[in-house]
Amino acid sequence: MKHQRQRARPAFEMSVEDFLARRCVRLLQTQHGSIVITREGINAVGDKAQQAPQTFEEIYERWKPRLNAGARRMIDALLEHDGGQLDRSSLAAASGIDQNKSTFRAALGAIKTAGLVVEEGGLLRLAR
């Protein structure tokens, strides 16, 4: 019978969540059910912090480089229609993508997964 070498265990074990919580305890805090950054957190981040986008257009500008051309055309079409309320066939026509193609399904899936577009009652609109 071959003797198997056992891996040494650390003196104490900590989950990733516990480690991050302990490391970030001075940097973040909860306030009225939200997580906010503390003054020490702001100092730790320094000038690397970016202002959070405030409008849909600012959010979209950050997403744009990550989206394929079809997804960008769909968002642009919804923006041209004051944020949406288009059914799938109208969005397909406005964005110039055949609704029956996988390109349409993939682009729509990408922008819905990103949280940029929601579909309610068969109508698509920007998630503002």
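Structure notes:
- The packing ranking of peptides 73-82, 99-108, highest mean first, is 73-82, 99-108, where packing means the average number of other beta carbon atoms within 10 angstrom of each residue.
- Ordering of 83-90, 53-60 by burial proxy (mean other Cβ atoms within 10 Å per residue, highest first): 83-90, 53-60
- Given charges at Cβ of Lys, Arg, Asp, Glu: the range 56-126 dipole, positive-most of 74, 110, 89: 110
- Residue order, fewest to most beta carbons within 10 Å, for 36, 118: 36, 118
- Extension reserve of the residue 76-residue 62 stretch, reckoned as 0.36 nm per residue once the Cα distance is removed: 3.6 nm
- Residues whose amide H falls under 5 Å from that of residue 28, counting only those 5 or more places apart or on a different chain, are 38, with hydrogens built in the peptide plane.
- Residue order, fewest to most beta carbons within 10 Å, for 38, 30: 30, 38
- Put a plus charge on the Cβ of each Lys and Arg, a minus charge on the Cβ of each Asp and Glu, and nothing anywhere else: the dipole of the range 56-126 about its Cα centre is then about 380 debye.
- Cα gyration tensor, the range 76-128 - rounded (a/c under 1.5), prolate or oblate: oblate
Each value in this text was obtained by applying a stated rule to the coordinates, not by laboratory testing. Owing to the predicted nature of the structure, the values given are computational and were not obtained by experimental measurement. Please note: Cβ atoms are built from the backbone with ideal geometry, for glycine as well, and neighbour counts cover all protein chains shown.
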